[in-house]
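K.L.:
Please read through the structure below; I'll follow up with questions.
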Amino acid sequence: MGARGKNLYDSNMPGARATILSFGLFGESAHLPDVMHCETIAARAVRHDWELAPHRHARLHQVLLIESGGGTAQVEEATLRLAPRALLNLPTGCVHGFRFQPGTEGYVVTMPDELVDASLADSDEARPLLRQPCLARADAATRQVIRQIWREFRDRSPARAQVLRGLCATLLGLTARALARAAPVAPAAAEPPLLRRFEALLEQHFADHWKVADYARALGVTSTHLSRITRAARGVPASALIAARLMREARRHLAYTSMNVATVADALGFSDPAYFSRAFARTVGLSPRAFRARLAARATAGPAAAQAQG
């Protein structure tokens with residue numbers, strides 16, 4: 001699928017933009033030019049009339065803090081209410097957009113995936129928490145660290161990069177704690193390096209319809225061994241993770257584009273739209289059309305629905 005790297009998103013949601021792109025930062029296509037990035041919410045939102053259309057970042061992890069004001073966040077298929085002290089974790093690749101109340105104050109901390117990976121290299125407890133988008137409540141320590149990141153980012157003091165890396169590692173740890181309080185998960189066993197390599201390859205090749213044998217060959221292991229590793233760590237064989245990743249991308253296309261089902265199928269490498277529809281229904285439990293209709297009904301329900309989900 002040659003167009004995969006270019007975001008194909010034409011919005012399917014009422015009131016949203018006609019086109020949604022994959023950005024480095026919102027509205028910027030270049031790679032992150034610094035060790036990390038920190039800015040106020042207003043710095044970017046005011047230029048877009050306080051509304052940022054749904055988009056995603058291919059290699060960036062973001063943590064957003066609301067200090068005052070609020071609004072709503074569209075994160076994948078959920079609408080979340082943002083209030084003061086809201087802390088929103090946005091892992092690499094998740095689709096998100098915002099409608100802020102004018103005058104909202106807060107910060108967005110953006111970290112490249114290399115920095116996140118290095119910070120979490122020895123933290124098998126934090127990694128699964130930070131892998132999922134989630135809304136939590138920021139405590140005083142988290143707010144203080146984010147403000148310190150903001151001050152350090154603006155300054156050009158000696159050893160600035162080293163200090164920022166350390167502060168970002170602390171922020172990731174505090175965010176993981178906040179997420180654990182908001183949505184506790186069972187303690188995770190240590191993830192083997194082979195699993196991480198497989199999941200990185202999966203991000204690169206899910207739309208190429210690689211089979212388990214293709215991934216195993218690229219990783220230098222047998223298909224049986226690869227599935228043994230994924231079963232132990234994720235509870236399912238490698239084939240299930242491959243199918244789930246492809247269908248997650250399908251859900252994003254159906255939620256955030258106006259492409260018809262046949263075009264979505266083609267964009268994801270399916271030669272037969274009917275086969276795509278059957279595969280989608282088998283994984284998601286709804287046909288593509290029914291899934292899109294459900295999202296449209298939620299979108300037209302208005303602010304009351306967002307309040308209820310917040």
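K.L.:
Given R₀ = 35 Å, FRET efficiency for ARG160-HIS48 by Cβ-Cβ distance, to 0.05?
P.N.:
After rounding to 0.05, the efficiency reads 0.75.
K.L.:
Now for a separate question. From the backbone phi of the range 174-183, what are the Karplus-calculated ³J(HN,Hα) couplings (6.51 cos²θ - 1.76 cosθ + 1.60, θ = phi - 60°) in whole Hz, Gly and Pro given as x?
P.N.:
Listing the rounded values in order: 5, 5, 4, 4, 5, 5, 5, 5, 6, 8 Hz.
K.L.:
If you stretched the chain out fully between GLU249 and ALA274, how much longer would it get, using 0.36 nm times the residue separation minus the C-alpha to C-alpha distance? Could the numbers behind the result be given before it?
P.N.:
Values: separation 25, 0.36 × 25 = 9.00 nm, distance 1.73 nm.
My answer for the length gained is 7.3 nm.
K.L.:
For SER287 paired with HIS225, estimate the spin-label separation in nm (one decimal), with each label point 7 Å from Cα along the Cα-to-Cβ line.
P.N.:
Label at SER287, label at HIS225, 4.5 nm between them.
K.L.:
Please sort 197-203, 237-243 by packing, taking for each peptide the average over its residues of neighbouring beta carbons within 10 angstrom, highest first. Could you put the intermediate results ahead of the total?
P.N.:
Numbers: 197-203: 16.0, 237-243: 19.0.
Going from most to least packed, we get 237-243, 197-203.
K.L.:
Sort the range 193-299 into rounded, prolate or oblate with this rule: let a ≥ b ≥ c be the square roots of the eigenvalues of the Cα gyration tensor; rounded if a/c is under 1.5, and if a/c is not under 1.5, prolate when a/b is larger than b/c, oblate otherwise.
P.N.:
Prolate, because a/c is 1.5 or more and a/b exceeds b/c.
K.L.:
Apply the Karplus parameterisation 6.51 cos²θ - 1.76 cosθ + 1.60, with θ equal to phi minus 60°, to every residue of the range 244-260 and state each ³J(HN,Hα) to the nearest whole Hz, in sequence, with x for glycine and proline.
P.N.:
Listing the rounded values in order: 5, 5, 5, 6, 5, 5, 4, 4, 5, 4, 5, 7, 10, 9, 9, 4, 6 Hz.
K.L.:
Could I ask something else about it? Given the convex hull of the Cα atoms of the range 37-188, what is a quarter of its surface area in nm²? Walk me through the numbers before you get to the answer.
P.N.:
Details: hull surface 34.3 nm².
Hull-based average projected area comes out at 8.6 nm².
K.L.:
Determine the gain in length on full extension of the stretch ALA78-SER123; use 0.36 nm per residue of separation and subtract their C-alpha separation, reporting nm with one decimal. Mind dumping the intermediate values first?
P.N.:
Details: separation 45, 0.36 × 45 = 16.20 nm, distance 2.79 nm.
Extra length available between ALA78 and SER123 comes to 13.4 nm.
FYI, it's all coordinate maths here, none of it is from the lab. Not measured: the values here are computed from a predicted model. Backbone-built Cβ (ideal geometry, glycine too); neighbour counts: all protein chains shown.
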